[in-house]
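*Asks:* Shown below is the structure under consideration.
The values are calculated or read from the model by the stated rules, or taken from the named source; none is laboratory data. Small disclaimer: the values here were computed from a predicted structure and weren't measured. Backbone-built Cβ (ideal geometry, glycine too); neighbour counts: all protein chains shown.
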Amino acid sequence: MIKKHWMILTVTSVLTLLPILAGLILWNQLPEQIPIHWNAKGEIDGWAGKLFVVVLMPVLMLGLHWLGIFVTFSDPKKQNHSGKLLQLVFWIIPILNVFLAAVTYSSAMGKGVRVEILVPVFLGLVFVVIGNYMPKCRQNYTIGIKIPWTLSSEENWNRTHRLSGWIWVIGGIFVMVSGFFGWIWVTLAAILPMALIPLVYSYILHRKGI
């Protein structure tokens, strides 16, 4: 089945590796130690060598990209994967890697990047996109909320994912807004129910025999 998607796999793989070309073009402008981690206040608290950031990180992300696709297409219920969900699987890692590379290179060159704003906004947007896809996600073993109760009951799966879609969209909006005000506690408060409410709801349905 993956052979049918070789074109999009090629395009997304090239996009994942694109930061290498950008890094080589900017090589002389980049410092030997490049920031790779920031705390909640946007202060740099982690560094890595230039070669690792420019070359090895995109290669590692490419490996993660291929692994995610391999696992998705190895799913015994892969026939339940909708075209839109497959698009999400193909594009999420490449887009994430390009975003991270842009933030990293800009910060390394002293462009005054507001990481404490950009990261929550981007993360929240990802949550909103995933939330929109959740209600359309049919029962499978690789994409969605894969817990015993949803996997053992299609009705449980469908109801849980319909609720989760709303929760992830609302939570994603809160995360995006929190980035503009530096409300890290709002980000954490939004992510926690996004993870817990679907689990509790699915268990309640299971107890009701659904």
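*Asks:* Any residue in the stretch 33-48 that's within 21 Å of LEU188 (Cβ to Cβ): show its pairings with residues that are among the charged types (D, E, K, R) at Cβ separation under 6 Å, as long as the two are six or more apart or on different chains.
*Replies:* Sorted first by the residue in the stretch 33-48, then by its partner, the pairs are HIS37/ASP45; ASN39/ASP45; GLY42/GLU116.
*Asks:* Just to be sure before I move on: is GLY179 without any contact (Cβ under 8 Å) to a residue 24 or more places away in the chain and either buried (at least 18 other Cβ atoms within 10 Å of the Cβ) or hydroxyl-bearing (Ser, Thr, Tyr) (or both) in the structure I sent?
*Replies:* It is false that GLY179 is without any contact (Cβ under 8 Å) to a residue 24 or more places away in the chain and either buried (at least 18 other Cβ atoms within 10 Å of the Cβ) or hydroxyl-bearing (Ser, Thr, Tyr) (or both).
*Asks:* If ILE44 satisfies every condition in (1) closer than 26 Å to TRP91 by Cα; (2) surrounded by 12 or more Cβ atoms within 10 Å (Cβ to Cβ) but one, which is the exception?
*Replies:* Here ILE44 clears every test but (1).
*Asks:* Can you tell me which residue among GLY68, GLY63 is assigned by TED's automatic domain parsing to the domain that holds TRP38 and out of contact with any helix residue (DSSP H, G or I) (no Cβ under 8 Å at 6 or more places or on another chain)?
*Replies:* Numbers: GLY68 fails: out of contact with any helix residue (DSSP H, G or I) (no Cβ under 8 Å at 6 or more places or on another chain).
So the residue among GLY68, GLY63 that is assigned by TED's automatic domain parsing to the domain that holds TRP38 and out of contact with any helix residue (DSSP H, G or I) (no Cβ under 8 Å at 6 or more places or on another chain) is GLY63.
*Asks:* Pick out the one residue from ILE143, ILE167 that is out of contact with any Ser or Thr (no Cβ under 8 Å at 6 or more places or on another chain) and β-branched (Val, Ile, Thr). Show your work before the answer.
*Replies:* Numbers: ILE143 fails: out of contact with any Ser or Thr (no Cβ under 8 Å at 6 or more places or on another chain).
Every option except ILE167 fails the conditions.
*Asks:* May I pose another question? Restricting the stretch 96-113 to residues that are of a type in the set (S, T, N, Q) and touching a helix residue (DSSP H, G or I) at 6+ places or on another chain (Cβ under 8 Å), which is nearest to VAL54 (Cα to Cα)?
*Replies:* The residue in question is THR104.
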